[in-house]
Structures are given as C-alpha cells and as structure tokens.
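This report concerns only the one structure given below.
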Amino acid sequence: MVGSLIKEKITSGQKMLAALIDPDKAEMSHLSSLLSTANLSKIDLLFVGGSVLTNGNTQQTISDIKSICDTPCVLFPGSPDQICPDADAILLLSLLSGRNPELLIGKHVESALRLQQSQLEILSTAYILIDGGAPTTVSYISGTTPIPANKPGLAAMTALAGEQLGKHLIYMDAGSGAKNPIPVETIQAVRKHTTIPIIVGGGIRTTEGIKAAWNAGADVVVVGNMLEENPAFLQEV
Ligand code: 1GP
C-alpha cells in the first residue's frame with residue numbers, strides 16, 4: 001500500500017522521490033528509457049496524469065509502465081476520466097488553494113461510485129498551488145489563483161485546514177514547468193504547522209533543488225519536466 005510505504009519511509013528517516021509521467025508524452029520507447037533510469041535512480045513512486053490530456057491514454061500508460069517495472073503507480077488525475085483501476089493508488093485531490101467548487105467537491109461526487117468499484121487505494125490529498133513565477137496550465141485549467149509565493153503563512157493555514165479536514169497528504173505544487181520552485185520558507189512554514197506527509201513539486205530542475213525541498217520538510221519530491229529532458233540528472237541524487 002502506497003500510504004503505508006510513505007509512512008514507513010518517514011518513520012525510518014528516508015526521503016522519497018516521485019517521477020511525474022504525463023500520458024501525453026509517454027510513448028513506449030520514451031517510457032522504457034526513462035524508467036530504466038528511474039530504476040537505477042531508485043525512484044520510489046510514479047505519478048501518472050496531467051491537468052489536461054490531449055492524445056494521452058492513462059490506461060495504456062499504466063499498462064506500459066507495469067510491463068517495464070514494479071514501481072508503484074499513483075494516479076495524479078486532472079479529471080475523473082483519468083481514473084484507471086490498474087494503478088496502485090490515486091491522489092484524490094481537493095484543490096484547497098482555489099475556490100472552484102468543482103475541484104473541491106463536484107468532481108469527487110461524480111467519481112465516487114467509480115472509485116469505490118475500482119478498489120484503488122485512495123490517498124485523500126490537500127492540493128495547494130503556490131505561485132511559480134508565471135501562469136501554469138494547472139492554474140489556467142482549474143480557473144484558480146495560486147497562493148502568492150511570498151505568503152508562507154497563507155500556505156501553512158491552508159495546509160493545516162486540509163489536515164483538520166482529514167486529508168492524508170499535502171501536495172504543494174508550483175505547477176508543471178513552473179519558472180520558480182516553491183520557496184523553502186513556504187515548505188518550512190507548512191512543515192511547522194502540520195504533521196501529515198508533504199509532497200512538493202513543480203519547477204524543480206536540479207539535484208540541489210530536490211535536496212533543498214527535502215531539507216525544508218518535504219517527504220516526497222516530484223520531478224516531471226526535467227526528467228523528460230534529461231533522465232540522467234537523477235543519477236546524481
Ligand atoms: C507538477 O509537481 C509536478 O505537478 C512536476 O513539475 O514538471 O515542473 O517537474 P515539473
């Protein structure tokens with residue numbers, strides 16, 4: 001179970017790395033070279049999904065991944081049509097930084113029965129967008145404004161509200177391809193005020209960036225774009 005794996009790693013003082021796989025960019029040849037590097041680099045989790053898909057097929061991507069490696073696949077869905085029962089778990093995201101009711105509860109109601117039938121492990125997640133210095137697909141598609149990067153207190157209050165609402169995880173995201181990653185002060189503020197595991201991603205392009213997020217309190221760091229551009233960079237981690 002992915003939730004237990006995260007807890008075990010935290011208990012044993014280990015940090016985790018997740019790779020974001022975008023089904024739109026996941027042809028088999030690309031996946032196999034990326035995942036052979038992922039195996040070598042000991043990536044702990046594969047997040048699969050995107051804010052919006054054009055021609056990608058989540059089901060096919062999960063099946064291709066499962067034929068190559070046994071790293072747990074966690075859905076990171078931008079919409080209910082990305083729910084795939086063959087994954088190991090799903091980040092059931094509530095976009096708490098925004099005020100779009102569809103992404104706070106509407107889509108969850110629509111997908112509740114499908115999720116129950118899928119028997120996917122559900123990881124209820126407080127999803128918090130932090131401004132990454134330029135508009136991102138996720139803020140545009142969700143129709144929400146991210147929390148300003150220089151307001152760590154607001155991020156901490158939002159994350160704490162998520163924990164009080166019973167979420168299992170916090171995912172702080174600057175958005176895929178963000179110009180700036182989330183400032184360490186913001187991660188530290190959220191860590192100080194919450195006790196549940198913290199996932200951090202968006203715009204992390206260096207091994208120093210990964211370590212800075214870990215040291216600031218992230219339990220899981222997510223890399224997407226940089227891994228697609230240069231899979232070898234993870235070998236340094
Ligand atoms: C986006 O956190 C992920 O949701 C990964 O972002 O593609 O910028 O690494 P990048």
If you check Ser97, Ser51, Ser67, which single one turns out to be farther than 25 Å from Ser139 by Cα and among the polar types (S, T, N, Q)? Ser67
Just to check your reading of the model, which residue among Ala149, Ala134 is surrounded by fewer than 23 Cβ atoms within 10 Å (Cβ to Cβ), without any contact (Cβ under 8 Å) to a residue 60 or more places away in the chain and closer than 21 Å to Gly217 by Cα? Ala149
Residue list for segment 1-30, filter: at pLDDT below 90, of a type in the set (A, V, I, L, M, F, W, C) and away from the ligand (no atom under 16 Å from the Cβ): Met28
Which listed residue, of Leu129, Leu123, is in a strand (DSSP E or B), surrounded by fewer than 23 Cβ atoms within 10 Å (Cβ to Cβ), under 15 Å from the mean Cα position of the chain (by Cα) and within 16 Å of the ligand (Cβ to nearest atom): Leu123
Could you tell me which residue of segment 24-48 is nearest to Ala212 (Cα to Cα), considering only residues that are free of Cβ contacts under 8 Å to residues at least 40 places away in the same chain and crowded, with 18+ Cβ neighbours inside 10 Å? Leu46
Among (1) open to solvent by 40 Å² or more (accessible area, probe 1.4 Å); (2) touching a helix residue (DSSP H, G or I) at 6+ places or on another chain (Cβ under 6 Å), there is one condition Asp81 misses while meeting the rest; what is its number? (2)
Considering each of Gly162, Gly133, Gly175, Gly143 in turn, give the residue that is touching a Ser or Thr at 6+ places or on another chain (Cβ under 8 Å), of a type outside the set (A, V, I, L, M, F, W, C) and on the phi > 0 side of the Ramachandran plot. Gly175
Does Met172 satisfy being within 11 Å of the ligand (Cβ to nearest atom), within 22 Å of Gly98 (Cβ to Cβ) and of a type in the set (A, V, I, L, M)? yes
Number of positions in segment 154-183 that are assigned to a loop (DSSP other than H, G, I, E, B) and surrounded by fewer than 24 Cβ atoms within 10 Å (Cβ to Cβ): 9
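Being within 13 Å of the ligand (Cβ to nearest atom) and in contact with a strand residue (DSSP E or B) (Cβ under 9 Å, 6 or more places away or on another chain) is the filter here; which residues of segment 215-227 pass it? Step through it out loud before you land on a result.
Initially, segment 215-227 is screened for residues within 13 Å of the ligand (Cβ to nearest atom), giving 218, 220-227.
Within segment 215-227, Ala218, Val220, Val221, Val222, Val223, Gly224, Asn225, Leu227 qualify.
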Restricting to segment 223-237, what's the tally of residues that are open to solvent by 10 Å² or more (accessible area, probe 1.4 Å) and within 17 Å of the chain's Cα centre (by Cα)? 4
Being surrounded by fewer than 19 Cβ atoms within 10 Å (Cβ to Cβ) and within 14 Å of the ligand (Cβ to nearest atom) is the filter; apply it to segment 184-208 and report the residue that is nearest to Phe76 (Cα to Cα). Arg205
For segment 10-104, please list each of the strands (runs of 3 or more DSSP E) lying entirely inside it that holds at least 2 residues being touching a Cys at 6+ places or on another chain (Cβ under 6 Å). 45-48
With respect to the numbered conditions (1) open to solvent by less than 30 Å² (accessible area, probe 1.4 Å); (2) more than 15 Å from the ligand (Cβ to nearest atom); (3) modelled with pLDDT of 95 or more; (4) more than 23 Å from Val223 (Cβ to Cβ), which one is the sole condition not fulfilled by Gly98? (2)
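The values are calculated or read from the model by the stated rules, or taken from the named source; none is laboratory data. If you're wondering where the values come from, they're calculated on a predicted model, not measured in any experiment. All Cβ positions, even for glycine, are placed from backbone atoms using ideal geometry, and neighbour counts span all protein chains on display. For the accessible areas, the whole protein counts, side chains as well, though only heavy atoms, and no ligand, DNA or RNA atoms are used. Shrake-Rupley method; radii C 1.70, N 1.55, O 1.52, S 1.80 Å.
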